[in-house]
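Participant: Before anything else, here's the structure in question.
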Amino acid sequence: MLKDYNRILSDFIKKQRDKAYIFLQKSYQLEKDDCDAVFQDSLIILWEKLKDVDEQGIINMTSTSTYFLAICKNKARELRRDSNKMIHAIDDDEQDFSRTPQYKQENINFLLTLDHESDIIRQEEEDRLHQLVKNLPEPCEGLLWGYYRDELSLKELAEKFDYKSEGTVKVTKHRCLQKLITKYKEK
Amino acid sequence: MTIDISNESKLIADDERIECYLKGRMTPTEESQFVELLKSDKELRERAKIQAQLIQAMRHVDIETVKAFQNTDDASIRNIARKRNVISIRHWIAVAASVLVTFLIGFKSYDYYSVTSIGKEYATAFAISSQLRGDADTDTQSELEALSKNVENGYDMDSTIVALEQLWQKANQDTYNEYTDYAPNIGWNLAMAYLQNYEKEKAKTVLVKLQKDYPVGTAMGDRIQEIIDKL
C-alpha cells in the first residue's frame with residue numbers, strides 16, 4: 001500500500017511541476033532557479049497543510065492541484081515582493097480554499113444507483129473513470145477538473161484559461177466530456 | 001472529425017439540465033419530471049450517471065492524493081521536492097558524457113550534435129513575433145513570444161515543450177480559438193524545440209503535419225524540406 005502511495009505522490013508531483021514551472025515563468029517571469037525554490041517551498045507547505053485534513057475536508061476544498069498552484073502563486077509573489085515593493089504577498093493562512101460544494105450528495109447517489117448494478121460492476125466503472133480523470137489531456141484536464149471539481153463557472157474558466165468567451169468554454173468543455181464518455185465506453 | 005451541430009446543442013442542453021439537478025436547482029415539479037424522464041430516456045440517464053461518477057471520481061483522486069501526502073514524512077517530502085536538481089545535474093552529466101563519446105565513438109554523438117544544432121539554427125526562421133499583429137490578443141501574444149524566446153535561446157526546453165505541445169493541440173482543434181491563427185508558428189517552434197531536445201521523430205511528425213498545409217514551394221514548406229533532408 002505504501003508503495004502505491006509513493007507512485008501516486010510522484011505522479012502528482014511530476015504533473016504539478018510541469019504546470020507550475022510554465023505558470024511561474026509565464027506569470028512571474030521567474031528564472032529556473034527561482035522556480036525550483038518556489039516549487040520546493042510550496043510542496044512542503046502543501047504537505048503541512050494537508051497533514052490533518054479528513055475526507056470531508058478534502059471534498060470541501062478546491063482540488064489539490066488548484067490549492068498547490070495557489071500556494072506557488074503566493075510564494076512567487078513573496079519572492080517578487082523583495083525586488084518590487086508594489087507587490088504584496090498574502091500570508092498562506094489568510095487564503096481560504098474551503099468551500100461548500102454545490103453538488104448535492106443525495107442527487108449524486110441517486111444517479112449512481114439508478115441502474116441497480118451490482119457492487120462489482122459499479123466498482124469496475126468507478127476504477128475505469130478514476131484512471132481516465134487522472135490522465136486527461138489538456139485542455140480537457142483544466143476544463144473538466146475546473147468545472148466538475150473546483151465548480152468554477154464558465155465565465156471563471158474563460159478567465160482562468162484565457163478563452164475569448166464563455167461560449168467557447170461551453171463548447172470545448174462539452175467536446176471534452178464527449179471524448180471522455182467515448183473512451184469510458186471503450187472496453 | 002465531423003460534428004453534428006444540432007445533436008451537439010441538444011446534448012449541451014441536456015448537460016445543463018443534469019447540472020441543475022445535481023446542484024439541486026430544480027423546483028420540486030421540475031425535479032420529478034426530470035427523474036421520470038431519466039427512467040425512460042436511456043441516453044440522458046447514461047449521461048447523467050457518468051457526470052455523477054465524474055464528480056465522485058475526481059473527489060476520490062484528490063482523497064487518494066491527500067492520503068499519499070499524509071503517508072509521507074517530512075524528510076521524504078523534502079527529498080522529493082529537491083529531485084529536480086538531481087535530475088538537472090544528471091542531465092548535464094549526460095551532456096558532458098555525450099561530448100566525451102563524440103571523441104571516442106563518433107557517429108552517435110555527432111548525430112546528437114547535428115540534430116540539436118539544426119534546432120538552434122532554424123529556431124528564428126519563423127519566430128512568432130514575425131506574425132504578431134499589434135493590438136489584438138495581448139495575453140496570447142505575450143505567451144507565444146515568451147515561448148518563442150525560450151526556443152530561440154534554448155532555455156528550459158522541457159517546460160517549453162510541454163507548453164508548446166498544449167498550444168499545438170489547442171491550435172489544431174476543430175473549434176476556432178485564440179491559437180488557431182498561430183498554428184504554423186506554434187508548430188514550427190515545437191519542432192525546433194524537439195530538435196534541440198534531440199527528439200528527432202517527434203520533430204519530424206510535427207514538420208510533416210505542417211508540410212501538409214505548407215508544401216514545397218512555400219517559404220515554410222521549403223525550409224521544412226531542407227530540415228527533413230538534413231535529418
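What follows is calculated from the coordinates using simple rules that are stated; it is not laboratory data. It should be emphasised that the depicted structure is a prediction, and the values quoted were computed from it without experimental measurement. Every residue, glycine as well, gets a Cβ built from its backbone with ideal geometry; the counts of neighbours run over all protein chains shown.
Participant: Only sites in a loop by DSSP and with at most 15 other Cβ atoms within 10 Å count here; which GluC sites (Glu not before Pro) in the range A:11-61 make the cut?
Facilitator: Qualifying residues, ordered by number: A:E31.
Participant: Also, quick follow-up: In whole Å, what three semi-axes, largest first, describe the equivalent ellipsoid of the range A:96-146 built from its Cα gyration tensor (square root of 5 times each eigenvalue)? Write down the numbers at each step before the final one.
Facilitator: Working: eigenvalues 111, 71, 15 Å².
So the three semi-axes of the range A:96-146 are 24, 19, 9 Å.
Participant: Also, I was wondering about something else. Got a sec to turn the phi values of the range A:132-149 into Karplus ³J(HN,Hα) couplings, 6.51 cos²θ - 1.76 cosθ + 1.60 with θ = phi - 60°, whole Hz, x for Gly and Pro?
Facilitator: 3J(HN,Hα) across the range A:132-149, in whole Hz: 5, 6, 7, 10, 6, x, 6, x, 5, 4, x, 5, 6, 5, x, 7, 8, 9.
Participant: How do A:W145, B:W188 rank when sorted from fewest to most other Cβ atoms within 10 Å of their own Cβ?
Facilitator: Listed from fewest to most nearby Cβ atoms, that is A:W145, B:W188.
Participant: To the nearest Å, what is the center-to-center distance of the range A:132-157 and the range B:171-189, using C-alpha atoms only?
Facilitator: Taking the Cα centre of the range B:171-189 as reference, the centre of the range A:132-157 is 21 Å away.
Participant: Can you work out ³J(HN,Hα) from phi for every residue in the range B:114-122, in order, using Karplus 6.51 cos²θ - 1.76 cosθ + 1.60 and θ = phi - 60°, giving whole Hz and x for Gly and Pro?
Facilitator: Each residue of the range B:114-122 in turn: 4, 5, 5, 5, 4, x, 6, 4, 9 Hz.
Participant: Moving to a separate point now. How would you rank B:R59, B:R78, going from fewest to most other Cβ atoms within 10 Å of each one's own Cβ?
Facilitator: B:R78, B:R59
Participant: For a footprinting-style exposure proxy, rank A:C72, B:C20, A:C35 by other Cβ within 10 Å, fewest first.
Facilitator: By the 10 Å Cβ count, ascending, the order reads B:C20, A:C35, A:C72.
Participant: May I pose another question? Tilt of helix A:166-185 relative to the longest C-alpha principal axis of chain A, in degrees (0 to 90, nearest 10)?
Facilitator: Between the helix axis and the principal axis of chain A, the angle is about 50 degrees.
Participant: Continuing with this model, one more query. Taking the Cα centre as origin and putting +1 on Lys and Arg beta-carbons and -1 on Asp and Glu beta-carbons, what dipole magnitude results for chain A, to the nearest 20 debye?
Facilitator: 840
Participant: Would you work out which of A:I120, A:Q56, A:P137 lies farthest towards the positive end of the dipole of chain A, given +1 charges on the beta-carbon of Lys and Arg and -1 on that of Asp and Glu, about the Cα centre?
Facilitator: A:P137
Participant: How much length would be gained if the chain were fully extended between A:Q56 and A:R7, taking 0.36 nm per residue of separation minus their Cα-Cα distance, in nm to one decimal?
Facilitator: 15.3 nm
Participant: Grab the alpha carbons of chain A, take their convex hull, and tell me the volume per residue in Å³.
Facilitator: Each residue corresponds to 157 Å³ of Cα convex hull volume.
Participant: List, in order, the whole-Hz ³J(HN,Hα) value for each residue of the range A:104-118 obtained from phi through the Karplus relation with A = 6.51, B = -1.76, C = 1.60 and θ = phi - 60°; use x for Gly and Pro.
Facilitator: With coefficients 6.51, -1.76 and 1.60, one gets 7, 4, 5, 6, 4, 4, 4, 5, 5, 9, 4, 8, 6, 7, 6 Hz.
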